[in-house]
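Bear in mind that the values in this text are calculations on the coordinates, not laboratory data. Nothing here was measured: the structure is a model prediction, and the numbers come from that model. Cβ sites come from the backbone with ideal geometry, for glycine too, and all protein chains shown count toward neighbours.
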Protein chains: 2
Amino acid sequence: MDNLYSERINALRALMERRGWDAVILTGSDPHASEYPAPRWKQVEWLSGFTGEAGDLVVTADHAGLWTDTRYFIQANQQLRGTGVELHKMRVPEQVPIPEWLADRFARKDSVIVAVDGLCQQVAAIQELQSAFAATGRSSDPEDAYFYRIVDAPDLLDALWTDRPAIPRTPVTLVPEELTGESRRTRLEWLRSAVAQQLCDAALLTSLDEIAWVLNVRASDIDYNPMVISYLLVTEESVNWYVRKDAFDDRDDDTTLDSFARLEDEGICVLPYDEVQISVHGALSDGGINRLFVDPSSLNWSLYNLLAESGRLCEGTSPVQLRKAVKTPAEIEGMRRAHRQDGVAMELFLYWLERMVLSDKIITERTAATKLGALRASLPDYLGDSFETISAYGPGAALPHYITPVKDAPELEAKGLYLCDSGGQYRCGTTDITRTVPLGPCTPLEREDYTLVLKGHIDLAMAVFPEGTAGCQIDALARNPLWSRKRNFGHGTGHGVGFYLGVHEGPQDIRQNFNRQPLLPGMITSDEPGIYREGAFGVRHENLLLCVEAGRNDFGRWLQFEPLTLCHFDTSILVRELLTPAEIDWLNEYHERVYRTLAPELPSEVARWLRGKTAVI
Amino acid sequence: MDNLYSERINALRALMERRGWDAVILTGSDPHASEYPAPRWKQVEWLSGFTGEAGDLVVTADHAGLWTDTRYFIQANQQLRGTGVELHKMRVPEQVPIPEWLADRFARKDSVIVAVDGLCQQVAAIQELQSAFAATGRSSDPEDAYFYRIVDAPDLLDALWTDRPAIPRTPVTLVPEELTGESRRTRLEWLRSAVAQQLCDAALLTSLDEIAWVLNVRASDIDYNPMVISYLLVTEESVNWYVRKDAFDDRDDDTTLDSFARLEDEGICVLPYDEVQISVHGALSDGGINRLFVDPSSLNWSLYNLLAESGRLCEGTSPVQLRKAVKTPAEIEGMRRAHRQDGVAMELFLYWLERMVLSDKIITERTAATKLGALRASLPDYLGDSFETISAYGPGAALPHYITPVKDAPELEAKGLYLCDSGGQYRCGTTDITRTVPLGPCTPLEREDYTLVLKGHIDLAMAVFPEGTAGCQIDALARNPLWSRKRNFGHGTGHGVGFYLGVHEGPQDIRQNFNRQPLLPGMITSDEPGIYREGAFGVRHENLLLCVEAGRNDFGRWLQFEPLTLCHFDTSILVRELLTPAEIDWLNEYHERVYRTLAPELPSEVARWLRGKTAVI
């Protein structure tokens, strides 16, 4: 019994047979290795129906498989039903990654030809594939008896996916210098000096958030991620931005045309997106560029192949990443403003929610999410959400990456815990907040879990630590209250957050990895421990924390956190005895700040309600 | 005004001139990369007078320099006075390591010839030297105009150091199988299978504690470290132990001859130490060994050079390290026994100390150390100390690596804090304990520091954590009570401890590094936070912790610690308000265990005294 997806996979198999391909690999990413791609690049979803944010698809003549990790096993099992696609589990002890699986699958075949859409493939992934084949003794030379070949077939699905969306071309805006505190000229000069330190005379930026940061440009090409699909080439003399130039010359998009004109005035050459290959390749060939800095983690394999021919690439981690993570004073001020607005929406939402539940009105996870979206939409600087709101009641909240159904979403009941993880994009910053609130009576376990997660959240938020400390060295502070009762959560405690950019960014994080990047003053990182009880409930408490100086003494220089997020934590179900006096002090002081900052912006009845919610415990 | 050391350095310079060497590098280590070498290999000390455990010496025609780290700056400054040797600081931001320093120093000279005692040089250090010269454009080919050469001159000081001690040859004993729980046969079989997994047919063990562990042999070749200076070659068919065979054939050392005879009976071939070169090189040349596993971190450069010619070396981290760190049930039982005995000595010592101070008797740091040594010496299984006792009063204790003077040691006074860090080697295990005790009135700062360090000690000791957790991920638990008041300590929190072997061993530790080695059940690690107030006082509290299983639940498998060390912490100066109820419970339970275990072994008056010291707080 074929369904839509198995038909598409069979159509791909017919194409593979015509082309002589033994296997095709497709990823869920775009030509810029974006975490969230535009619909055009949701190739895995189109072919298999799987909508998870991480998943690679492999199709052979007799097998179709989706490789994804623990976060998406349940979702994949549901979505792949009837498609004929098998789930291959990653991040489990017995995992067999794609390269090893392919090498083994074709072990007895003399030749293997694997096709990939090189635009959407990371260089490292292809190198792993090459290593896996080499490890089984295969040659990469088609003259040999036992060989493999990896074919770069950009946009290989085009032949089947007739209504495939075009490259998005949403209006391009410029972020005023007063919001970023740094002109694009300053950032370009800094980039040039950073590139010169690598003994390079040019850099090709391929990561969309890095380009947006350097040029102070934004668009809405990708849902929730205000980036512009483009490439940026910066040489000692010139700046070439490869972007939607061609498409706009004859269109009625004044915003974008104005933006382009201003950039051209500043000497930035705005060029068509597709010209990047020929233009950069040409400069490398004719000596216009001597050594070009690239970051293979966001450079796609097609472009890498083309440019690497020159022997003039210098590969490394883009210096923009770290510089972008350390916010300027103006950006910090903007983030504070965004959080004041976001806090107003959150308190209005929680007030509304409580009233609805108390008055026995029927609300679902979806109507709650819609209400919150509407409240944010009325804020002065709001531009959109920063990710899809997770509005989850009871068992839904036990899935850290729950997707609230659009239709027939579960109804909220006047008992137990409701979890809402959401955020906004503002012209002055980005927010990300999770609150878990009781809708009525809670079980002792719910109350204890709720309290322990908050205790961990507070312990991390209160941390004072010496300069040079990395996130993985303090992650245990957020987990210890849970650990001591043999409870835990399976995700990271904190991720970096961009300034009116991606809600996830590096290079710092707070989790159980061995990331050596120290936390630096000006970095913004989330603090979001949780606990998940399958089939029952989930708890997560999340604020964004700004890393700030805490003085210097005989023992060195000290850092600490300042919460940017402003919204009360419900205290009615706290098990007070589980908190130390210092934790209670932190909570009371935070609540006082929440009240004082937000009350003047709230209708008086909501302000009165908030006074009660933030009362000293 | 020349002193002994400047004369020796000048004699070395004369030798260098004769040989045509531009520079000589000497290390403080031995041919086995031991942390503590025998006197024969204290070449840095002989030449410069510096006695620190970490320090490399470089001598050129016009410069002599000692490279050491933060721990030894004060000591080096004192000991190098008048020698003409300059201190080069390492582990500071502006550090210039030896390779870079040499490359720069001779930048304008066409040829540079550096001589090293390759027996005492690690392979990695020589590779760094080669890289540094290569980075400045020097060739390693003496035919080129601008070249460098590294000359291996084993025992190069012999010509000057006429009374240089011989290779130590203390009696070799066998550890009975009932103490280790594993016969040497079992360990050799395991080693063979581990080596086969690396696709090797033989392994050369060069690290002394690994050899002692595999063969269940011990000696006293190195102070405090019960190891036998030797090499061990294990092939599929044979076991060759290169050790003092020659020297003992005609000596009256029945212990060693008996040990050798028993080993020979078990098929282990006991050979002269010096034969290792020719024997292993021969086996590699004649095909007796196809692929030889070596660990470059303990293989010296001379031997590496010789063996690497064959092209048959497989380099990696020795599998013995990890296996040795996970103690057998018999070893754990032995460690418990050793700690019961050690606890008796410690309590007798602390009782004596309190009586002496109360009765106004004059005692010095040295007489206290001597008393403790005498008390340990009367224990049934005691064989020696596991390191040199740190007996430090007041300002002395502010140096984490204080050396108690043999003559004119400071007197203890009836006020402030006394710190004692000591340990024993027992035939059934190794101990390492630090206690800090008040000798009379203490200042509020002393009391607060004392309490905060104990709080950190307890927080780590109480930790429950998921399997897979590495020490660097929980180190912050011990530091957080200090950090929150902007205090800290500059050393690691915990090191691995051997079973009747080195008091420091890997691969696990608990410190602010990024060591990925998870803590495993059966590992023994110290828990020793501290605080150091220069010129005033120091606090350190140390127990050894055994990692044990703590059950499995929905969240995974859990681990925790069990303190092996048995000795009370003084509670009289605790600032009780700084401790949580859970920390107080831990302390009370620990004290109850200390009392119940040790009281039956103590004279009744000491037991009564201990009852008071361990009273519930």
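Rounded to two decimals, what is the ratio between the C-alpha radius of gyration of region A:532-578 and 2.2 N^0.38 Å?
Here the Cα radius of gyration is 1.76 times the empirical estimate.
Mind ranking B:441-453, B:183-195 by how tightly packed they are, going by the mean number of other C-beta atoms within 10 angstrom, highest first?
Order by mean packing, descending: B:441-453, B:183-195.
For peptide A:546-557, how many partner chain Cβ atoms fall within 10 Å of a residue's Cβ, on average?
Rounded to a whole number, the mean comes out at 2.
Which shape class applies to region B:133-282: rounded if a/c is under 1.5, otherwise prolate when a/b exceeds b/c and oblate if not, where a ≥ b ≥ c are the square roots of the Cα gyration tensor eigenvalues?
It is oblate, given that a/c is not under 1.5 and a/b is not larger than b/c.
Can you tell me the Rg and Dmax of chain A, counting just the alpha carbons, in angstroms?
Rg, Dmax (Cα atoms, Å): 25.5, 81.
Between copies, how far apart are the A:LEU199 label points? List them in nm, one decimal, shortest first, with each point 7 Å from Cα toward Cβ, please?
Nearest to farthest, the other copies are at 3.4 nm.
Measure nothing fancy, just the Cα-based angle from helix B:184-197's long axis to the longest principal axis of chain B, in degrees from 0 to 90, nearest 10.
Helix B:184-197 sits roughly 60 degrees off the main axis of chain B.
As I understand it, the value is the acute angle between the Cα axis of helix A:276-285 and the longest principal axis of the Cα atoms of chain A; what does it come to in degrees, rounded to 10?
Helix A:276-285 and the main axis of chain A meet at about 60 degrees.
Which of B:VAL172, B:VAL92 has the fewest other C-beta atoms within 10 Å, and how do the rest follow up to the most?
In increasing order of surrounding Cβ atoms, one gets B:VAL92, B:VAL172.
Counting other C-beta atoms within 10 Å, and keeping those with at most 13, which DSSP coil trypsin sites (Lys or Arg not before Pro) do you find in region B:48-92?
B:ARG81, B:ARG91
At a Cα cut-off below 28 Å, give the lysines reachable from B:LYS42, other chains included and same-chain residues fewer than 8 away excluded.
In chain and number order, the partners are B:LYS89, B:LYS245, B:LYS324, B:LYS407.
Any idea what angle helix A:581-598 forms with the longest principal axis of chain A, computed on alpha-carbon atoms, 0 to 90 degrees, nearest 10?
80
Apply the a/c threshold of 1.5 to the C-alpha gyration tensor of region A:48-98 and tell me whether it is rounded, prolate or oblate.
Because a/c hits 1.5 or more and a/b fails to exceed b/c, region A:48-98 counts as oblate.
Taking each pair of distinct Cα atoms in region B:273-407 once, what is the resulting Kirkwood hydrodynamic radius in Å?
Over region B:273-407, the inverse of the mean reciprocal pair distance is 19.7 Å.
Hey, which lysines would be in cross-link range of A:LYS486, C-alpha to C-alpha under 18 Å, not counting anything within fewer than 8 residues on its own chain?
A:LYS455
Would you mind listing the distances between the B:ASP144 label point and the same position in each other copy? Use 7 Å along Cα-to-C-beta, nm, one decimal, shortest first.
Here B:ASP144 shows inter-copy label distances of 3.3 nm.
Got the relative contact order for chain A handy, in percent, Cα pairs under 8 Å and 6 or more residues apart?
Once divided by the residue count of chain A, the mean separation gives 10 percent.
Once the Cα atoms of the protein assembly as shown are picked out, what are the Rg and Dmax in Å?
Cα radius of gyration and Dmax of the protein assembly as shown are 34.0, 103 Å respectively.
Taking B:GLU177 in one copy and the same position in all the others, each labelled 7 Å out along Cα→Cβ, what are the pairwise distances from the first, in nm, shortest first?
Counterpart label points of B:GLU177 in the remaining copies fall at 8.2 nm.
What residue of chain B sits with its beta carbon nearest the rotation axis taking B to A, and at what distance in whole Å?
For chain B, the closest residue to the axis carrying it onto A is B:PHE514, 2.
If you rank A:PHE387, B:PHE293 by fewest surrounding Cβ atoms within 10 Å, what's the result?
So the residues, fewest neighbours to most, are A:PHE387, B:PHE293.
Note down the net charge around A:TYR304, summing +1 for each Lys or Arg and -1 for each Asp or Glu among other residues with Cβ under 13 Å from its Cβ.
Taking every Cβ under 13 Å from that of A:TYR304, the sum is -3.
Order these by the 10 Å Cβ neighbour count, fewest first: A:SER207, A:SER391.
Listed from fewest to most nearby Cβ atoms, that is A:SER207, A:SER391.
Per-residue Cβ counts within 10 Å, from other chains only, averaged over A:484-493: what number is that?
Per residue, the average neighbour count from other chains is 4.
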